[in-house]
Amino acid sequence: MTGELREAVFLDRDGVLNRAVVRNGRPYPPATIAEFQIPPDVPSALEVLKAAGFLLIGVTNQPDVARGTQRREVVEAMNAALLAALPLHEMLVCYHDDRDGCECRKPLPGLLLQAAARHAIALSSSFMIGDRWKDVETGRRAGCATVLIEYGYAETGPRRPGPDHIAHSLSEAAEWILSKSRPAGGVP
């Protein structure tokens with residue numbers, strides 16, 4: 001039907017689609033392709049969400065490019081690996097640092113708003129999955145339901161309202177999303 005809005009699941013990259021590198025309890029993006037790993041449950045969790053009719057979109061901050069500590073080509077190679085291995089529709093990236101004042105750097109919802117406009121997404125019936133407070137805040141600001149994958153990182157962020165759900169893996173997050181979406185047989 002023309003004009004019908006789609007539902008999406010937005011997924012943070014590092015810590016959700018691929019493993020974050022944890023040092024001293026804090027998460028970091030992998031620095032090289034050799035450090036880049038997709039957790040075993042990720043492909044099947046995404047296949048289940050895709051089969052339910054969700055558009056799957058990766059959204060990631062990669063400020064190390066602006067800071068000069070990571071090459072854009074390495075980030076793009078990791079994103080290409082994710083797109084080749086997983087049923088993602090696309091990967092959206094903010095390459096800026098905080099001082100750049102862009103609209104796309106999480107926790108601002110710019111990447112989600114761009115995707116919603118481009119793909120006719122109903123943000124109010126979509127979901128944002130992340131492993132940090134910025135991801136949850138991004139989803140909240142865009143009007144999405146939010147899921148935090150809790151890894152017990154030793155980091156502090158501004159006190160914000162919590163996520164709509166806390167999971168311990170992408171599979172758990174997908175199960176919760178499916179329990180909140182329309183029943184099988186309906187168009188999500």
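The values are calculated or read from the model by the stated rules, or taken from the named source; none is laboratory data. Bear in mind that the values here come from a model prediction, so they are computed numbers and not experimental data. Neighbour counts run over all protein chains shown; Cβ positions are idealised from the backbone, glycine included.
For PRO87, indicate whether it is within 18 Å of VAL16 (Cβ to Cβ), of a type outside the set (A, V, I, L, M, F, W, C) and modelled with pLDDT under 90. If you could, list the steps in order and put the result at the bottom.
Details: within 18 Å of VAL16 (Cβ to Cβ): yes; of a type outside the set (A, V, I, L, M, F, W, C): yes; modelled with pLDDT under 90: no.
The answer is no for PRO87.
Whenever a residue of segment 6-27 is under 18 Å from PRO107 (Cα atoms) and of a type in the set (Phe, Trp, Tyr), its partners that are at pLDDT 95 or above and in a strand (DSSP E or B), lying with C-beta atoms within less than 6 angstrom and at least six residues away or across chains, give the pairs PHE10/ILE57; PHE10/VAL59; PHE10/MET128.
May I ask you to verify whether ARG72 is surrounded by fewer than 16 Cβ atoms within 10 Å (Cβ to Cβ), of a type in the set (D, E, K, R) and without any contact (Cβ under 8 Å) to a residue 40 or more places away in the chain? Let's see the steps before the verdict.
On the way: surrounded by fewer than 16 Cβ atoms within 10 Å (Cβ to Cβ): yes; of a type in the set (D, E, K, R): yes; without any contact (Cβ under 8 Å) to a residue 40 or more places away in the chain: yes.
For ARG72, the condition - surrounded by fewer than 16 Cβ atoms within 10 Å (Cβ to Cβ), of a type in the set (D, E, K, R) and without any contact (Cβ under 8 Å) to a residue 40 or more places away in the chain - is met.
If the condition is being surrounded by fewer than 22 Cβ atoms within 10 Å (Cβ to Cβ) and within 19 Å of ALA120 (Cα to Cα), then segment 8-50 contributes only LYS50.
Within segment 111-131, being more than 18 Å from LYS180 (Cβ to Cβ), out of contact with any Lys or Arg (no Cβ under 8 Å at 6 or more places or on another chain) and surrounded by fewer than 19 Cβ atoms within 10 Å (Cβ to Cβ) holds for LEU113, GLN114, ALA117, ARG118.
Would it be correct to say that GLY143 is on the phi > 0 side of the Ramachandran plot and at pLDDT 95 or above? Here the answer is yes, as GLY143 does meet what is asked. Kindly establish whether ARG159 is farther than 24 Å from LYS50 by Cβ, of a type in the set (Lys, Arg), in a loop (DSSP other than H, G, I, E, B) and at pLDDT below 95. Yes: the conditions hold for ARG159.
Being surrounded by fewer than 22 Cβ atoms within 10 Å (Cβ to Cβ), closer than 18 Å to GLY58 by Cβ and either in contact (Cβ under 8 Å) with a residue 40 or more places away in the chain or more than 17 Å from the chain's Cα centre (by Cα) (or both) is true for just one of LYS134, LYS106. Which residue is that?
Values: LYS106 fails: surrounded by fewer than 22 Cβ atoms within 10 Å (Cβ to Cβ).
Result: LYS134 is the single residue among LYS134, LYS106 that is surrounded by fewer than 22 Cβ atoms within 10 Å (Cβ to Cβ), closer than 18 Å to GLY58 by Cβ and either in contact (Cβ under 8 Å) with a residue 40 or more places away in the chain or more than 17 Å from the chain's Cα centre (by Cα) (or both).
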